[in-house]
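S.K.: Dumping the structure here so I can ask a few things about it.
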Amino acid sequence: MTILNFHLITFFKRLLVQSCLILVLSPSASAQKHDIPTNTIVGSSGKKAKVTNRSIPRSTKKNIKVYKYLAGGTASFSDRPPKGQTYEVLSYKCFACDVNSPIDWHSIKLYPNKYASTIDAAAQQYGVDAALVRAIVHAESAFRPTIKSHKGAVGLMQLMPATALELGVTDRADPEQNIHGGVKYLAQLLTRFSGDVKLATAAYNAGPGAVSRHGGVPPYAETKAYIKRVAILSQRYRAN
């Protein structure tokens, strides 16, 4: 064997070993994929959250950030939902905004008795349909008062800090303050858009400025889905 052949054989042996190591150490495509449940947004503290193996589209994943759960009595946090135990979604996207939501809005469970007296009182005070208020609360938070979105909105009607300040809400996590503030804001939007519920609903989701700029419902897929689902929920709460 010549010296050249010996070096060539040695080189190819090393190359083969390195290739094997890469195959062993590199995670597969399936291992790198985050199997985030499609109904993560339904999962909340104190409830078993269903975990599926189906992945959410990339555009939806970025809106789901942190999962809080108890491990041995200690609060733990993860960027993936824990399987087989309760967890709380800390970074949250509005319940009815997910364009790819698998939820059947015509049959999803309603909560007509949750915060009923507060909702009815606020609706009467500000002259807003109570069924619409319930639909907005359901669409925004699924009636969970401690929810905080990734943008900083808090509570049952997902009030932003600046909006809450303008409405005189000092504690956005307080259900009564949150509902009264949210209904007052909804009443202002209805007045601004001449009682047009669709435009007021669009403004609640995308902001009144966006509705005014576009001269109607903004061309956002999430806002269009939100309007449709709020309308379904509103009709169902009215008939309940």
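The values are calculated or read from the model by the stated rules, or taken from the named source; none is laboratory data. Everything quoted here is computed from the prediction, not taken from an experiment. Note that we place each Cβ from the backbone using ideal geometry, even for glycine, and neighbour counts take in every protein chain shown. Just the protein is used for accessible areas: all its heavy atoms, side chains included, with ligands, DNA and RNA removed. Shrake-Rupley method; radii C 1.70, N 1.55, O 1.52, S 1.80 Å.
S.K.: Using beta carbons and a limit of 6 Å, which pairs, at least six apart or on different chains, have the first residue in segment 119-144 and within 20 Å of Asp98 (Cβ to Cβ) and the second one part of a helix (DSSP H, G or I) and among the small types (Gly, Ala, Ser)?
M.R.: Once the first residue is within 20 Å of Asp98 (Cβ to Cβ) and sits in segment 119-144, its partners that are part of a helix (DSSP H, G or I) and among the small types (Gly, Ala, Ser) give Ala135/Ser234.
S.K.: Ok, one more. Could you tell me whether any residue of segment 233-240 is surrounded by fewer than 16 Cβ atoms within 10 Å (Cβ to Cβ), in contact with a Pro (Cβ under 9 Å, 6 or more places away or on another chain) and closer than 15 Å to Val133 by Cβ?
M.R.: Yes, there is a match, as at least one residue in segment 233-240 is surrounded by fewer than 16 Cβ atoms within 10 Å (Cβ to Cβ), in contact with a Pro (Cβ under 9 Å, 6 or more places away or on another chain) and closer than 15 Å to Val133 by Cβ.
S.K.: Among Ala239, Ala221, which is the only one that is of a type outside the set (Lys, Arg), out of contact with any Ser or Thr (no Cβ under 9 Å at 6 or more places or on another chain) and more than 19 Å from Lys151 (Cβ to Cβ)? So that I can check it myself, show each step before the final result.
M.R.: Numbers: Ala221 fails: more than 19 Å from Lys151 (Cβ to Cβ).
Being of a type outside the set (Lys, Arg), out of contact with any Ser or Thr (no Cβ under 9 Å at 6 or more places or on another chain) and more than 19 Å from Lys151 (Cβ to Cβ) holds for just one of Ala239, Ala221, which is Ala239.
S.K.: Which residue is surrounded by the most Cβ atoms within 10 Å (Cβ to Cβ), if the candidates are limited to segment 115-148 and must be charged (D, E, K, R) and within 14 Å of the chain's Cα centre (by Cα)? Quick ask: steps written out before the conclusion?
M.R.: In the first step, residues of segment 115-148 are kept if they are charged (D, E, K, R); the result is 120, 129, 134, 140, 144, 148.
This time we only want the ones that are within 14 Å of the chain's Cα centre (by Cα), so: 140, 144, 148.
Numbers: Glu140: 28, Arg144: 19, Lys148: 17.
Here the residue is Glu140.
S.K.: Would you mind finding the one in Pro112, Pro102 that is open to solvent by 10 Å² or more (accessible area, probe 1.4 Å), modelled with pLDDT of 95 or more and farther than 20 Å from Leu199 by Cβ?
M.R.: Matching residue, one of Pro112, Pro102: Pro112.
S.K.: Considering only residues of segment 183-196 that are touching a residue at least 12 places away in the same chain (Cβ under 8 Å) and farther than 13 Å from Gly127 by Cα, which is most open to solvent (accessible area, probe 1.4 Å)?
M.R.: Within segment 183-196, the match that is most open to solvent (accessible area, probe 1.4 Å) is Arg192.
S.K.: State all residues of segment 184-240 that are more than 23 Å from Leu156 (Cβ to Cβ) and β-branched (Val, Ile, Thr); if no residue qualifies, say none.
M.R.: Of everything in segment 184-240, just one residue is more than 23 Å from Leu156 (Cβ to Cβ) and β-branched (Val, Ile, Thr), namely Val217.
S.K.: Could you check, for segment 186-204, whether at least one of its residues is within 18 Å of Leu132 (Cβ to Cβ), within 18 Å of the chain's Cα centre (by Cα) and β-branched (Val, Ile, Thr)?
M.R.: Yes, segment 186-204 contains at least one residue that is within 18 Å of Leu132 (Cβ to Cβ), within 18 Å of the chain's Cα centre (by Cα) and β-branched (Val, Ile, Thr).
S.K.: Then there's this: Give the number of residues within segment 150-181 that are open to solvent by 20 Å² or more (accessible area, probe 1.4 Å) and among the small types (Gly, Ala, Ser).
M.R.: 3
S.K.: Also, I was wondering about something else. Where in segment 118-237 are there helices (runs of 4 or more DSSP H), lying fully within it, with 1 or more residues that are in contact with a strand residue (DSSP E or B) (Cβ under 6 Å, 6 or more places away or on another chain)?
M.R.: Once the helices (runs of 4 or more DSSP H) in segment 118-237 are filtered for at least 1 residues that are in contact with a strand residue (DSSP E or B) (Cβ under 6 Å, 6 or more places away or on another chain), what remains is 175-192.
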